[in-house]
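Comments concern the structure below.
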Amino acid sequence: MYLFFACVTLPGLAGILLALNFRDSAYRVYELLMNHSPVSPGFGFSPLIIRITGAILGVSLIVQVIARL
């Protein structure tokens, strides 16, 4: 039970911090993917998309934890 909460809460928290651009994380993820990805991301890929995806992922995981309580 505690392992489930840890495995869901930590990515949820990471998603929320990514959405809030904590320590410029969205731009760091963007640069990492642009420089080291074997497949170059295409048109429309930006730090804003990374922040929106992080927000959706973070909120959905936090809601999942709250629903299990």
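Just so it is clear, none of the values below were taken in a lab; they were calculated from the coordinates. Everything quoted here is computed from the prediction, not taken from an experiment.
Below is a table of values for the structure above.
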{"read-out": "Coordinate range along principal axes, alpha carbons of the chain, Å, largest first", "value": "40, 21, 21"}
{"read-out": "Choice from SER25, SER37, SER46 with maximal GNM fluctuation in the chain (Cα, 10 Å cutoff)", "value": "SER37"}
{"read-out": "Sequence-separation-based contact order of the chain, relative, with Cα cut under 8 Å and 6+ spacing, percent", "value": "51"}
{"read-out": "Gap separating the Cα centres of region 44-59 and region 1-35, nearest whole Å", "value": "10"}
